1. Given A:V170, A:V137, which one is β-branched (V, I, T), under 18 Å from the mean Cα position of the chain (by Cα) and closer than 30 Å to A:P47 by Cβ?
2. Which one is modelled with the lowest pLDDT, of the residues in region B:1-60 that are among the hydroxyl-bearing types (S, T, Y) and not in a loop (DSSP other than H, G, I, E, B)?
3. Name the residues in region A:193-213 that are more than 9 Å from every other protein chain (Cβ to nearest Cβ), loosely packed, with under 15 Cβ neighbours inside 10 Å and not β-branched (V, I, T), would you?
4. Scan region A:7-18 and tell me whether some residue there is among the basic types (K, R) and modelled with pLDDT of 95 or more.
5. Would you mention how many residues in region A:129-161 are small (G, A, S) and surrounded by fewer than 19 Cβ atoms within 10 Å (Cβ to Cβ)?
6. Looking only at region B:165-189, filter to residues that are polar (S, T, N, Q) and either at the interface with another protein chain (Cβ under 8 Å from one of its Cβ atoms) or assigned to a loop (DSSP other than H, G, I, E, B) (or both); which one of those is surrounded by the fewest Cβ atoms within 10 Å (Cβ to Cβ)?
7. Can you name the residue in region B:137-154 that is in a strand (DSSP E or B) and within 8 Å of chain A (Cβ to nearest Cβ) and is also farthest from A:A233 (Cα to Cα) among such residues?
Amino acid sequence: MLNSVSGTKVIRFAAALTLVGALSACATPPSSDDADARAAYDEANDPFEPANRLVFSANVMVDQLVLQPVAVTYRDLFPNALKPPVENFITNLFQPLSFLHSLLQGDLDRAEQAAARFFTALPTLLLADTFPDRQPVFEDGGQTLAVWGFAEGPYVMLPLLGPSSVRDTVGTVGDFFADPVKIIAGSELSTGRSVGNVVVNRSKNIEQVRELQRTSLDYYAAVRSLYRQQRAAQIRNGISEPAHNAPTIGLDLDEPVPDDEKKETAATN
Amino acid sequence: MRTFAAFVLVVALAVSVPAAHAGSHTDASVNYINDLSNQAITTLSDKSISTEQRREEFRKLFRDGFAVNGIARFVAGRYWRSASEDERTEYLQLFEDVIVNTWADRFSQYSGQKFEVRGATDATPDKSPENVALVESLFFTDPTTPVRLEWRVASKGDLFKIVDVKLEGISMATTQRDEFNSVVSKNGRTLAALIEELRRRDGGS
């Protein structure tokens, strides 16, 4: 078992790695005469990639040693009957922050939803889901900055906190200070909620993360892509992307081959 | 990350082209997804065949239901253009072996959750030779919180194929392309490098 001393060591090690990474490594942009390489570099938008990869491997290690075992324990040993109240409590405790950000984004409808969910759950000590037919509202600083028109900026892998971008990092720092739950009830409650949220989310993805690690050719790049797409979807509040943004994947390579050609292909296979 | 979950749990797909002329291409695409999912569910719940056979059947449905070659070309991105004809052929073959098997395995873990097609919107890009419909569906991993799945279906006459699946806004094709791009940009920046990597994967698993 991992005791708290070695846990601290892991964290210190992660911090040390970050520092080493940050000092030593920024990816060198490819020279401008290699157009393909330059385009790939710009598209990845990850100038800190070498440092990010180091932090990522430290994060993966912490995940394997600490987070995943805790999440598996929660999933398998925590009584199922008690999971909904715990998870409702966490969700409800995020609603004040979501309310604040919905207001900042000028989205009165979602602000009202967040407030309604929070206040109707108060009499149940925040343990109930008072709007089971509606998705809870999750808005944060990064999303508000995006709505205000700030670009996402380069990809950043934060120690322990995981994938982020420059914009989302600014948002996370802002939320740390602006969270109404922290201001009113103290940082124990807001920190407990956030840690609980990480454990609950992780407990729902045990197999999926394992599968992704097993099958991806580049796990780091897969996580980077998933993070960006997921944030973009959250910023759009789940509304589909406009059609012209979608990848164009044509049918021309998949039209049925005429019968005589098909026989030929079959013969060569 | 929670959304990626659904890749593993999800359904659907199959072979036969539905009678496509009834109504618009969006209606026909809804029918297509419904037909595919019914066939897939039938295949996956057929207890009379072995697990290995069932998987093989499912992969066949998957290959026929998706525009596998078009997706492969999209995923290769800029490296497709500079590749030779031989490289392209080998790449398409490997893509099918490695990626289709991975994706099909994720889909084949479906175990009877409720799946519901909600409707479709036209998403045909300007000047496209094909029609594109976005078929929206909900997938109930648990009864209260469905996962939003969008199927991008391209069609041309009687030919219907799925060109992308989006899970809570995350596109399988885009994710795969980003990952391949990263692999290739570290290894010589040609399709040959990707072929090498896929070959290793194909032999190894």
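The values are calculated or read from the model by the stated rules, or taken from the named source; none is laboratory data. For clarity, every value in this text was computed on a predicted model and none was experimentally measured. Here the Cβ positions follow ideal geometry from the backbone for every residue, glycine too, while neighbour counts run over all protein chains shown.
1. A:V170
2. Going residue by residue through region B:1-60, those that are among the hydroxyl-bearing types (S, T, Y) are B:3, B:16, B:24, B:26, B:29, B:32, B:37, B:42-43, B:45, B:48, B:50-51.
Now drop any that are not not in a loop (DSSP other than H, G, I, E, B), which leaves B:26, B:29, B:32, B:37, B:42-43, B:51.
Working: B:T26: 91, B:S29: 94, B:Y32: 94, B:S37: 87, B:T42: 82, B:T43: 81, B:T51: 76.
Ranking the qualifying residues of region B:1-60, first place goes to B:T51.
3. A:R210, A:Q213
4. Within region A:7-18, not a single residue is among the basic types (K, R) and modelled with pLDDT of 95 or more.
5. 3
6. B:N187
7. Keep residues of region B:137-154 that are in a strand (DSSP E or B), which gives B:137-139, B:147-154.
Within this subset, residues satisfying the condition of being within 8 Å of chain A (Cβ to nearest Cβ) are B:148, B:150, B:152, B:154.
Numbers: B:R148: 11, B:E150: 13, B:R152: 16, B:A154: 23 Å.
If we take residues in region B:137-154 being in a strand (DSSP E or B) and within 8 Å of chain A (Cβ to nearest Cβ), then B:A154 is farthest from A:A233 (Cα to Cα).
The rows are residues; the columns are (1) at pLDDT 90 or above; (2) among the aliphatic types (A, V, I, L, M); (3) more than 19 Å from the chain's Cα centre (by Cα); (4) surrounded by 18 or more Cβ atoms within 10 Å (Cβ to Cβ).
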{"site": "B:K114", "(1), (2), (3), (4)": "no, no, yes, no"}
{"site": "B:E130", "(1), (2), (3), (4)": "no, no, no, yes"}
{"site": "B:E136", "(1), (2), (3), (4)": "yes, no, no, yes"}
{"site": "B:V153", "(1), (2), (3), (4)": "yes, yes, no, yes"}
{"site": "B:F160", "(1), (2), (3), (4)": "yes, no, no, yes"}
{"site": "B:V163", "(1), (2), (3), (4)": "yes, yes, no, yes"}
